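One structure is given below, encoded as structure tokens.
The values are calculated or read from the model by the stated rules, or taken from the named source; none is laboratory data. Only a predicted model underlies this, so the values are computations on that prediction, with no experimental measurement involved. Cβ atoms come from the backbone with ideal geometry, glycine included; neighbour counts cover every protein chain shown.
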Amino acid sequence: MAKKILFPSFAYPGHTHDFTIFKELFAGLDFFGRLVYVDSGFTGIKKQIRGASIHLPQKATKNHPLTQEQKAGNTGLAKIRVVVENAIAKMKAFFVLRIENRLKIKQRLERVRHS
């Protein structure tokens, strides 16, 4: 299976949450017929996009633990998402996502991004 980055975003300062970036970049885009796999940090994504098949893991609460079926579903989602998470980890290992440490001038980053 070929693996490639489909959409690199701009660099965001500090600890900006992925869902915040998602809402900023993809608000209003048509996701009709797309499969969207996200982690539990994207609770509320169904309000942001329409027409997509959204796969979001189930969350347990104090009074409502997950059933075996829900746990199995979460495991299946995790097996799909682990490919993405591993790719992000490899980029971090090579400091690709730590641009602030390497490129002090963001215009250089943008030139690299668009070339």
- prompt: Got a sec? Which of Gly73, Gly41, Gly33, Gly28 is small (Gly, Ala, Ser) and in contact with a helix residue (DSSP H, G or I) (Cβ under 7 Å, 6 or more places away or on another chain)?
  reply: Gly41
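Residues checked against (1) surrounded by 12 or more Cβ atoms within 10 Å (Cβ to Cβ); (2) in contact (Cβ under 8 Å) with a residue 12 or more places away in the chain; (3) out of contact with any Asp or Glu (no Cβ under 9 Å at 6 or more places or on another chain); (4) among the small types (Gly, Ala, Ser):
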{"residue": "Ala11", "(1), (2), (3), (4)": "yes, yes, no, yes"}
{"residue": "Leu25", "(1), (2), (3), (4)": "no, yes, yes, no"}
{"residue": "Gly33", "(1), (2), (3), (4)": "no, yes, yes, yes"}
{"residue": "Thr43", "(1), (2), (3), (4)": "yes, yes, yes, no"}
{"residue": "Ile49", "(1), (2), (3), (4)": "yes, yes, no, no"}
{"residue": "Pro57", "(1), (2), (3), (4)": "yes, yes, no, no"}
{"residue": "Ala60", "(1), (2), (3), (4)": "yes, no, yes, yes"}
{"residue": "Arg81", "(1), (2), (3), (4)": "yes, yes, no, no"}
{"residue": "Asn86", "(1), (2), (3), (4)": "no, no, yes, no"}
field: Answer from Gly51, Gly44, Gly33 - the residue that is at pLDDT below 85 and on the phi > 0 side of the Ramachandran plot
entry: Gly51
